[in-house]
Amino acid sequence: METKLMPVLESARPTELSSVLERMEAEHTELSSELSEWSQAAADAAAGIGESSLFRTISFLREETSAFMAKLEAHLKRGRSELFPLVGAYAGADLAPSMNPSFWGLDKNYQLATGYVQSFQREADEAGAMLSRELAQELVSHLQQAALILRDYLAMEQNLLFPLAEELLTDIDYLFS
């Protein structure tokens, strides 16, 4: 389910929140695209890493995932400081475990995916140029797990956080119009 956000200029009362939300959604689109790219590269690598290209393939994936995780961390940091507190207070959300999608679930998905990426990076660094085909397959499987979890994370963010923020902006517009 995709949400259409109200652009700042269409709002009856443009706010800092609307600017933050637009920036977060733009980052979300970029992150989703980058995630698709490196997860496809990991899938391709799992399907046929040749002995001659093991080190090059794993090095490429290491660079891509490092850059992606840095962008995701910055995105999450902005969300936690600028968007989550307002939306959480508005929706009465807390960071407690729940069966329903929640901020707590978002955080746990992020932590789990980060663990897989860190495991990939650590083991890739330890192996260096001495990679075996079996180890490369194991490393790529870490990335495939991370990508699966991160896709879920981004979808949950899109379906949980952004609609609540949109509802908050709508209420702000009603209040000041």
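What follows draws every value from the coordinates through simple rules; no lab data is involved. These figures come from a predicted structure and were not determined experimentally. Here Cβ is always computed from backbone atoms with ideal geometry, including for glycine, and neighbour counts include all displayed protein chains.
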Inter-label distance, nm, simple model (7 Å from Cα along the C-beta direction), ASN159/ARG133: 3.9 nm
Residues GLU126 and SER33, FRET efficiency given R0 of 25 Å [Cβ-Cβ distance, rounded to 0.05]: 0.25
Cβ-defined net charge surrounding TYR153, 13 Å radius [Lys, Arg +1; Asp, Glu -1]: -2
Packing-based exposure ordering (other Cβ within 10 Å, fewest first) of LEU164, LEU143: LEU164, LEU143
R0 of 25 Å, Cβ-Cβ distance THR170-ALA26: FRET efficiency to nearest 0.05: 0.80
Neighbour-count order for LEU135, LEU76, fewest beta carbons within 10 angstrom listed first: LEU135, LEU76
